[in-house]
Amino acid sequence: MFGKHTLSIYIGRRFLTAIFGVFGLCSILIFMIDFVELLRQAGKYGSVPAWLLAWITLLRLPAYTEILLPFAILVGSIGALLMLARKSELAVMRAGGMSVWQFLRPALVVALGLGVLSSIAFNPLAAGARDRAEDLYAEAFDRELQLLGKGSGPWLRQDGPDGQSVLSAASVQGHGTELRSVTAFVYDQNGKFSERVDARTATLEEGVWVLDEATVSGVGRQPESYPTYLLSTYLSPERVADAFGSVISLSFWELPDLIYITEKAGLSSAQLRIQYELLLSRPLLCVAMVFLAATVSLRSFRSGGIQTMVVTGMAGGFGFFLFAEISRQIGTAGLAPIWAAVWIPVLLVILVSVTVLLHQEDG
């Protein structure tokens, strides 16, 4: 009993080391790419200290790397199994009477644990860090971007008691209720252009946008500056979040309440529900990646064809991710139930992988 327990710990540690190795390597590459892009923006739009750029990049990194975990588990599991096979450790385990299900059990426990922690802990951490990074990014770049007329984000048409207006912002916080580097084109009640407003920030309150440090310019008149400018709106916070917000900045624990509020307001919650189902299914997805890796990694090195097996496993992984993304888009478009769009690809890859393993193990 003690020997089996020790062996399980050894196998689990090998898988954990390989997975973290792949995840760490991908994280370093993403960090470098994002940091270089921030350096380019700093050189083009304004001087920003390198340490601040590095800190912003580090804060944004968890949100960018969160979706890499299933890929890291797939590649790490293939690597761990190949290393065990290369040192003939798998052959010794099989000679000792262990089946594939027994020496995969520690890997499945590791994958399941990483999936659960990713959804309930790493995801909220990534969402909070991303929000902080956006605040720092706005403070570092938005003033320069606004002066140069750069960095506008999505446009939002709205209506209010005083007439219609069109809003854009360089960055968004608070799920769309706090905007930075805002540009607004204001129209009167007859639909005729009235004035343009450029503001440092905008905050949505009851029935009004409060624009700070606003510069108002109109046809045939000199620009005027105001500490505060009020822009009327009929928008609710939920509608703004639907237009400006990003699901990547929402934590696992915030999504249920936001889905309820959005549906109560009569708005589409498809993207929010997809994101929530993706987070719920992530532990099972991580388990599926171990099964998929095992289907192409259990052949002995003496049998040859290792390169072919690795390429086959990687191709199968990319094929699955492509299929899952297509399924997700179908669910977002309302062509299939959201639960089916998310869970069926995961269950399908587990079913196919287990079938292949049964055939390999029992003939």
Put Thr201, Thr233, Thr355 in order of accessible area, largest first, 1.4 Å probe: what do you get?
-> Thr355, Thr201, Thr233
Cα point-scatterer Debye curve for the range 37-88, base-10 log of I(q)/I(0) at q = 0.21 Å⁻¹ | -0.77
With a Förster distance of 30 angstrom and the Cβ-Cβ distance between Leu112 and Val92, calculated FRET efficiency to the nearest 0.05 equals 0.70
At 10 °C and 1.306 mPa s, grab the translational diffusion coefficient of the range 1-140 from Stokes-Einstein with a Kirkwood Rh over Cα pairs, rounded to a whole number in µm² per second.
-> 92 µm²/s
Work out, in µm²/s and without decimals, the Stokes-Einstein translational diffusion coefficient of the range 45-118 at 4 °C, 1.567 mPa s, Rh from Kirkwood over C-alpha pairs.
-> 84 µm²/s
Rounded to one decimal in nm, the spacing of the 7 Å Cα→Cβ label points at Leu125 and Tyr10 is 3.0 nm
Would you compute the Debye intensity of the range 8-69 from its alpha-carbon atoms alone, equal scatterers and no solvent, and pass along log10 I(q)/I(0) at q = 0.15, 0.16, 0.27 Å⁻¹ to two decimals?
-> -0.55, -0.59, -1.05
Using a Förster distance of 22 angstrom, determine the FRET efficiency expected from the C-beta separation of Leu39 and Thr203, and round it to 0.05.
-> 0.10
In nm, give the distance between the simple-model label positions of Val166 and Met83, each being 7 Å from the Cα along the Cα-to-Cβ direction.
-> 5.6 nm
So what's the net charge close to Gly163: Lys and Arg +1, Asp and Glu -1, counting the other residues with Cβ under 10 Å from its Cβ?
-> -2
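The values are calculated or read from the model by the stated rules, or taken from the named source; none is laboratory data. Since this is a predicted model, take the numbers as computed values, not measurements. Heads up, the Cβs are rebuilt from the backbone with ideal geometry, glycines too, and the neighbour counts pull from every protein chain shown. What goes into the accessible areas is simple: the full protein's heavy atoms, side chains included, and nothing from ligands, DNA or RNA. Shrake-Rupley method; radii C 1.70, N 1.55, O 1.52, S 1.80 Å.
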